[in-house]
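The values are calculated or read from the model by the stated rules, or taken from the named source; none is laboratory data. Keep in mind that what you see is a predicted model, and the values were worked out from it rather than measured. Positions of Cβ are backbone-derived with ideal geometry, glycine not excepted, and every protein chain shown enters the neighbour counts. With ligands, DNA and RNA removed, areas are computed over all heavy atoms of the protein, side chains included. Shrake-Rupley method; radii C 1.70, N 1.55, O 1.52, S 1.80 Å.
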Amino acid sequence: MTVQTADVVVIGAGMVGLSAAVAFAQQGLQVVVLEQKASQLAQAMSQVKAQQDVGYDSRVSALTCASEQWLKSLGAWPLMQGLRIHPYTDMDVWDGEGSGHIHFSSRELHEPHLGHIVENRVTVAALMEIAAGLKSLTWVAGVSVEAMSDVAADGTRQLTCSDGQLWQTALVVAADGAMSGVRRMASIPMWEWDYGHHAIVTTVTTEKPHRNTAWQRFTDDGPLAFLPLSAPHSCSIVWSTSPDHARDLMSGDDQSFCDLLTRSFEQRLGQVQTTAERSVFPLRQRHAKYYVKAALAVIGDAAHTIHPLAGQGVNLGLMDAAALVETVLQARDRGDQWSSEAVLLRYQRQRQAANIQMSAGMEFFKQLFGHQQPLLKLIRNTGMNTLNKLSPIKQHIVMQAMGLKGDLPAIAQRKSG
């Protein structure tokens with residue numbers, strides 16, 4: 001069989017993989033995207049035309065200003081604005097087992113918003129529309145990678161696909177999710193452990209409007225978040241709880257679920273009136289011990305997964321994509337062998353430290369709010385209330401979370417002026 005060639009082959013057409021593929025193609029590289037789910041491409045494109053006529057996607061992301069900037073650089077953000085995104089201006093966090101409370105407001109920062117709540121399919125649809133206009137980007141849907149060669153003498157790898165096609169490429173980008181087959185083929189080891197939580201996601205309507213606020217209550221069984229959507233009484237929820245509790249919540253009827261949700265959320269938005277179909281998935285922390293080999297890089301969930309309590313998972317993945325693209329293009333422009341391990345290690349050094357730091361932070365907060373000893377409860381509640389009064393420190397924390405500070409790829413930094 002004829003071996004086909006490409007500069008870059010991206011495995012996985014989710015938000016992270018698509019953003020990397022579009023960016024590489026826009027900069028003149030020949031890119032192939034392999035997506036196992038044949039329906040993914042057609043469904044994503046249909047959302048561009050029909051988004052306003054369908055219900056909310058149960059999977060949403062709280063995109064930071066850094067992610068917004070990255071998507072703007074690709075031309076996707078204006079398309080997303082034309083579909084359905086929603087800015088949130090405030091964040092309210094409290095300890096349901098005590099008196100601790102902290103409130104963040106964009107007004108305190110003189111910013112128009114803290115971020116945007118965006119349905120995952122909206123981001124995919126916008127990136128798909130951009131990709132459809134790129135002659136240097138080729139789609140292959142409904143195939144999986146069955147084998148990957150070692151690096152050849154010329155620095156390339158060969159991929160064998162389930163349809164029998166062979167692809168030879170200078171760079172394989174694994175963006176195929178937490179259970180990445182490509183990562184396993186590359187024998188990249190992982191650190192991982194079970195969080196002991198399952199996450200329930202759905203869309204609900206509430207008696208009171210959400211007031212463009214992202215709400216999060218830490219319960220004795222895990223965090224419960226209400227994220228504001230474009231309709232003033234609609235929220236996306238992420239309820240992280242024990243597997244047994246999640247099983248009970250999934251088995252009940254809609255009315256009992258709404259009633260339990262209302263009580264668990266302390267009626268902050270009044271009665272939860274309706275719920276869409278619920279989904280549940282287990283939560284595990286995963287982190288690749290290294291992100292690259294010669295002619296190979298892993299990004300997004302293929303490299304790391306974290307607890308959703310701070311909503312940073314997709315943002316970390318998008319910054320992976322931005323950093324990888326930036327590293328490769330800088331090396332190409334200098335005339336270096338841009339897919340060599342020495343070059344790709346620059347991407348790893350930039351992103352692995354930031355991702356590990358975020359993972360450690362999420363583990364710290366999970367442990368902090370997961371214990372109910374009286375002394376620990378007193379310490380954390382006192383700490384939350386004290387922090388709420390220390391504006392400079394609080395502002396620094398929220399600026400980091402918004403992607404306005406920190407070690408970010410240049411392409412994802414907001415331009416001054």
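Residue-wise test of (1) in contact (Cβ under 8 Å) with a residue 40 or more places away in the chain; (2) assigned to a strand (DSSP E or B).
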residue	(1), (2)
Val140	yes, yes
Val143	yes, no
Ala147	no, yes
Ala152	no, no
Gly155	yes, no
Thr160	no, yes
Asp163	no, no
Gln168	yes, yes
Leu171	yes, yes
Being modelled with pLDDT of 95 or more, within 30 Å of Leu29 (Cα to Cα), open to solvent by less than 10 Å² (accessible area, probe 1.4 Å) and of a type in the set (Gly, Ala, Ser) is true for just one of Ala170, Ala152, Ala174. Which residue is that?
Ala174
Criterion: crowded, with 18+ Cβ neighbours inside 10 Å, modelled with pLDDT of 95 or more, in contact with a strand residue (DSSP E or B) (Cβ under 6 Å, 6 or more places away or on another chain) and farther than 15 Å from Glu207 by Cα - qualifying residue of Leu261, Leu296
Leu296
Tally of residues being over 24 Å from Ala23 (Cβ atoms) and within 18 Å of the chain's Cα centre (by Cα) across region 69-109
3
Name the one entry in His116, His101, His86, His110 that is within 22 Å of Pro308 (Cα to Cα) and either surrounded by fewer than 19 Cβ atoms within 10 Å (Cβ to Cβ) or among the charged types (D, E, K, R) (or both).
His101
Any residue at all in region 216-224 that is among the aromatic types (Phe, Trp, Tyr), under 30 Å from Gln337 (Cβ atoms) and either touching a residue at least 12 places away in the same chain (Cβ under 8 Å) or surrounded by fewer than 22 Cβ atoms within 10 Å (Cβ to Cβ) (or both)?
no
Flag for Glu97 being within 30 Å of Ala147 (Cβ to Cβ) and either of a type in the set (D, E, K, R) or modelled with pLDDT under 90 (or both)
no
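Taking region 299-333 on its own, how many of its residues are touching a Phe, Trp or Tyr at 6+ places or on another chain (Cβ under 7 Å), at pLDDT 95 or above and open to solvent by less than 20 Å² (accessible area, probe 1.4 Å)? Show your work before the answer.
Here is the first cut: in region 299-333, the ones touching a Phe, Trp or Tyr at 6+ places or on another chain (Cβ under 7 Å) are 303, 307, 309, 318, 322-325, 327-328, 331-332.
Remaining after also requiring at pLDDT 95 or above: 303, 318, 322-325, 327-328, 331-332.
From the residues that got through so far, the ones that are open to solvent by less than 20 Å² (accessible area, probe 1.4 Å) too are 303, 318, 322-325, 327-328, 331.
Qualifying residue count for the region: 9.
Does region 53-76 contain at least one residue that is of a type outside the set (Lys, Arg), in a helix (DSSP H, G or I), at pLDDT below 85 and more than 21 Å from Asn212 (Cα to Cα)?
Within region 53-76 (the criterion being of a type outside the set (Lys, Arg), in a helix (DSSP H, G or I), at pLDDT below 85 and more than 21 Å from Asn212 (Cα to Cα)), the answer is yes, since at least one residue qualifies.
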Result of the Cβ filter at 8 Å on region 190-211, keeping first residues that are farther than 17 Å from Leu261 by Cβ and in a strand (DSSP E or B) and partners that are among the polar types (S, T, N, Q) and open to solvent by 10 Å² or more (accessible area, probe 1.4 Å), at least 6 apart or interchain, is Gly196/Ser242
Which number in (1) farther than 17 Å from Thr219 by Cα; (2) open to solvent by 10 Å² or more (accessible area, probe 1.4 Å) marks the one condition that Asp248 misses?
(1)
